[in-house]
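Below is one structure, written out as structure tokens; comments come after it.
What follows is calculated from the coordinates using simple rules that are stated; it is not laboratory data. All values reported here derive from a predicted model rather than from experimental measurement. Ideal geometry is used to build each Cβ from the backbone, glycine not excepted, and the neighbour counts take in all protein chains shown.
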Amino acid sequence: MIKIAVLVSGSGSNLQALIDANLSGQIVGVISNKPEAYALERAKKAGIATATIEHKQFPNREAFDDVMHQQLLAWDVDLVVLAGFMRILSAKFVNAWEGKMVNIHPSLLPHYKGMHTHQRVLNTGDRLHGCTVHYVTAELDAGQALTQGVLSVNQHDDASSLADRVHVLEHLIYPQAVEWICNGTLVHTDQGVLFKGQSLNAPVQFCKI
Ligand code: GRF
């Protein structure tokens, strides 16, 4: 059984969706860089081990990442799932977990990397928006996209309504993507990502609303 660690900084609604999904892998631990993150409460309620590692207490990014790395090794983790983890990771850490670390980003990557995606979509006047699960590489939001959820932007949407609607999609596609990794439907190899035994050339469009 695949052992999963989830890294969080905030509310943890995606963590909750992963917990509720009854994955065939096991969430063995949750790490937060913020002691006040509600995600920690969610983990505790579900009986999952937690670790708070405050980035402010470290002299630099590498020192913080090293402690996280040691915690992940101590839990014997196979897969790291970033779920609203609001820290940029050092190249050393990312390389150590290459092919074993995924993130969810609130846009249809490669569009709108970085922050404030909903407002930027509205500013551009895009008609489609959504979220993407992708492998994490040293370049921000640039690793291979695995799956996407897509929605139509409505005339009355604002950044807040879009954030809410994208969250609904996230809670569908993230547990599905993680389950695909847990059950071997999706495999990272040196030759690339395989989905159902075939090379994955474009993200699976899992749902559209
Ligand atoms: C999500 O919108 C996700 O796309 C982004 O951070 C947010 C986390 O939300 N990476 P939550 O803490 O899971 O509710």
Say each of Asp66 and Asn201 gets a label point 7 Å from the Cα, pointing the same way as Cα to Cβ; how far apart are those two points in nm?
4.5 nm
Once Lys and Arg get +1 and Asp and Glu get -1 on their Cβ, which of Thr117, Pro106, His129 lies farthest toward the positive end of the dipole of the stretch 104-209?
His129
For Lys56, give me every one of the aspartates and glutamates with a C-alpha distance below 17 angstrom, ignoring sequence neighbours fewer than eight places off in its own chain.
Glu36, Asp65, Asp66
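Fully extended, how many nm does the chain gain between Glu54 and Thr189 (0.36 nm per residue separation, minus their Cα-Cα distance)? Walk me through the intermediate numbers first.
Values: separation 135, 0.36 × 135 = 48.60 nm, distance 3.32 nm.
Result for the pair: 45.3 nm of gain on full extension.
Around Gly149, with a cut-off of 12 angstrom between Cβ atoms, what is the net charge of the other residues, counting Lys and Arg +1 and Asp and Glu -1? Kindly include the intermediate steps, with their values, before the conclusion.
Working: positive: Arg165, Lys208; negative: Glu170.
Local charge sum for Gly149: +1.
Could you give the length gained by full extension between Glu36 and Asn22, i.e. 0.36 nm per residue of separation minus their alpha carbon distance, to one decimal place?
Working: separation 14, 0.36 × 14 = 5.04 nm, distance 2.58 nm.
Taking Glu36 through Asn22 to full extension adds about 2.5 nm, to one decimal.
Sort Met68, Met1 so that the residue with the fewest other Cβ atoms within 10 Å of its own Cβ comes first and the one with the most comes last. The partial results should precede the final answer.
Working: Met68 24, Met1 10.
Placing the least packed residue first, the sequence is Met1, Met68.
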Give me the percent relative contact order of the chain, please, defined on Cα pairs under 8 angstrom at least 6 residues apart.
19 percent
Using the number of other C-beta atoms within 10 angstrom as an exposure proxy, rank Ser107, Ser161, Ser90, Ser199 with the fewest first.
Ser199, Ser161, Ser90, Ser107
Simple spin-label estimate for Ala46/Lys100, 7 Å along Cα→Cβ, in nm, reads 2.1 nm
Where does the charge balance sit around Asn33 when Lys and Arg score +1, Asp and Glu -1, over other residues with C-beta under 10 Å from its C-beta?
+2
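Given the pairs Lys34/Lys113; Lys45/Lys208; Lys3/Lys45, which span a C-alpha to C-alpha distance of over 21 angstrom in this model?
Working: Lys34/Lys113 23 Å; Lys45/Lys208 32 Å; Lys3/Lys45 19 Å.
Long pairs (Cα-Cα over 21 Å): Lys34/Lys113; Lys45/Lys208.
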Whats the longest run of the chain with zero GluC sites (Glu not before Pro) that are DSSP loop and have at most 14 other Cβ atoms within 10 Å?
140-209
Using Cβ contacts closer than 10 Å as the measure, can you line up His118, His129, His156 from fewest to most?
His156, His118, His129
Run the simple label-point estimate for Ala138 and Ser11 please: 7 Å along Cα→C-beta, distance reported in nm.
3.5 nm
Please list 146-154, 21-29, 77-85 highest first by mean number of surrounding beta-carbon atoms within 10 Å per residue.
77-85, 146-154, 21-29
Model label zone, His111; criterion: amide N under 13 Å from point 7 Å along Cα-to-beta-carbon; scope the stretch 140-158:
149-154
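Which helices of the chain meet both criteria: a Cα extent of 27 Å or more along the helical axis and a mean Kyte-Doolittle score no lower than -0.5, with helices taken as whole DSSP H segments? Present the calculation step by step, with values, prior to reporting the outcome.
Values: long enough: 159-182 (33 Å, 0.44).
Span-like helices, by this rule, are 159-182.
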